1. Between R126 and E24, with labels modelled 7 Å along Cα→Cβ, what's the label distance in nm to one decimal, could you check?
2. What distance in nm separates the two pseudo spin-label positions at E32 and C191, each 7 Å out from Cα along the beta-carbon direction?
3. Taking 0.36 nm per residue of sequence separation and subtracting the Cα-Cα distance, how much length would be gained by fully extending the chain between D82 and N336, in nm to one decimal?
4. Could you work out the relative contact order of region 22-401? I mean the mean sequence separation of Cα pairs under 8 Å and 6+ apart, divided by the number of residues, in percent.
5. Could you sort the peptides 45-51, 180-186 by per-residue average Cβ neighbour count (10 Å cutoff), highest mean leading?
6. Which of the peptides 343-356, 372-385 is most tightly packed, and how do the rest follow, judged by the mean count of other Cβ atoms within 10 Å per residue?
7. For a quick protection proxy, order the peptides 311-320, 267-276, 154-163 by their average other-Cβ count within 10 Å, most packed first.
8. What percent antiparallel are the DSSP beta bridges of the chain, to the nearest 5?
Amino acid sequence: MASSRVTLVLLAAVVALASGQVEEVLKWQKVEYDVAPEVLQRENGYIPIGNIPMGAVHHKNRVFVAVARRRWGIPSTLNVVDLSQPLPNSNVVLKPYPSFELNELRADLQPDSNRIVTVYRPRVDRCDRLWFVDTGMMEIPGNFTVVQRPSVWSIDLKTNQPIHRFEIPKDAVDTGYGLTSITLDVDPTDCEKVFVYISDLQTYRMVVYDYANRRAWRFLHNYFFLNPLEGDYNIQGINFAWDDGIFSIALGNPDPVTKFRTAYFHALSSNSEFTVSTQVLRNETASKRSWHGADFQLLGYRGSKAQSSIHAYDPETGVIFFALIQQNAITCWDSNKPFAPQNMAIVYKNDAHIVYPNDLSIDQDGYVWFMTNSIIKLLYTQLNLDEFNFYVWRANIKQIIKGTVCDPASPPNVQTGQRFGDENNNDRVTFYEYKDKHGPGGGPYGGWGHGPSRPGRRP
C-alpha cells in the first residue's frame, strides 16, 4: 500500500512538472469566421453550436484549423490563424484558407472540383505543403449527403495556392465517410516522391495514395478493426460506446539500409498498437492479397483505458506521443525501448480542459501540438458556449520528456514488451485473417454497422 502511495505521488509530481512546460496557445468559447456578413445571415449560413474544430497543425507561426461539416451552419472547413503574442490567443476569428471561395459550398450542393466540403486533420510536410483529405460529405445526423468524391489535396504554403487534387477512385473507397486522418511519407531528398496513408475508420481499411504515379489502393487487415472489449468509454462521467476502427498512423524514421519506415497504427477503440513496414504499404500488388502472412505485427498493449485518438512520431528523439481520450492526457513512449505501459509516461494531464484530445502533431521546430474539442459534450450532453470548449497546446519535446522514461537518456523500466492486457501476457482476442469480402454489417466492403443513420459516431 505504501508503495502504491509513493507511485501516485511521483506520478503527480511528474505531471505537475510537465504541466509547467505545456503552453496554452489558442482557446475558444465558440468558433467564429472572417467572412462577409451576408454569408453568416444566409439560411444555415452560421450556427455557432455546430462548429467543432477537428484538427490543428502548426507551420511557421500559423495554425491551420479544420472544422468538419457535421452540422449545418459551418461557413468554412479549412481555416488559418496567425499567431500573435502574448499567448494564449482567445476566441481568435478563423480565416478561411486559402480562400473563402474554396471553402464555400454551392447552394445546390452539386459536385465542384474547385471547392472542398469537409476536412478533418490536415498535415504539413517538409516541403512546405499542406495536405488534407476532403471527404466530400456533409455529415449531418439524419441527413448525410455525398456532395462529391473524396479527394487528396495539397496547398503550397509559400504561395497559398492549391497545387494538387486527386480524386480517390471508387475501387479504393466507396465514400469519404470515415477518412479522418492522414499521414505523409515524403522522400528525404525528393519532394515529388510522396505516399499518403489514410485511415478509414468506418470500413476498417487503410487507403494508400502514391502521389508520383497518381494511383490509390486500399489494404484490409483485421488489425484495423476495433477490439470489441475496448469500445466502451467513460469521459467526464458520460458512458458511451464507439466502434471506430483504424484511426491513426505514425511513421518512424527511414531504415538506413532499406530506406523504408515502420508504420505504427491503431484503432480508436483499442488499447493495442500494431506495426507494418511501408515497404508493404507502398506495394499495390500486396494490397490485393487475401493473406498478409507476418507483414503486420502486434507491437503491444498501451494499458487499461488507453484508447488513443491520434499519435505522432518525433524524428529527432524517436519518441511517439499518444492522445489518450479516456485519461484526458498526453503520453509518450521511446520507440527504442520495449513497448509496455511501464515504459510510457504521462507528460500532460488536465481533467478540466482536456475533454477529448482529438488531434496531435509534431512540427518542424521540435514541438508537439495537441487540440481538444469537447465533442463528447455536444454529442451526449450539452456544449455551453459561455465556457471555453476548444484548446490548442504546445510543448517543447526535449523539455517535456526530460527525466521521464521516454527520455532517450533514461533506462527502460521493464526490459520486455507487454503484448496483451493481463499479467500473464495471455491473448484476450484471437486475430484471424479472412479473405476480403462483403460482411454482415451491410458495408460496401464489410464491417459492422456501416451506414449514415448512426448519429454521434466518428469523432
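1. For the pair R126/E24, the computed spacing is 3.6 nm.
2. Going from the E32 label point to the C191 one covers 3.7 nm.
3. 87.8 nm
4. 13
5. On the way: 45-51: 16.9, 180-186: 22.9.
Descending packing order for the listed peptides: 180-186, 45-51.
6. Values: 343-356: 19.9, 372-385: 17.9.
Highest-to-lowest ranking by the protection proxy: 343-356, 372-385.
7. 267-276, 311-320, 154-163
8. 95
The values are calculated or read from the model by the stated rules, or taken from the named source; none is laboratory data. Since this is a predicted model, take the numbers as computed values, not measurements. Glycine also receives a Cβ, built like all others from the backbone with ideal geometry; neighbour counts cover every protein chain displayed. These area figures cover heavy atoms from the full protein model, side chains too; ligands, DNA and RNA do not enter into them. Shrake-Rupley method; radii C 1.70, N 1.55, O 1.52, S 1.80 Å.
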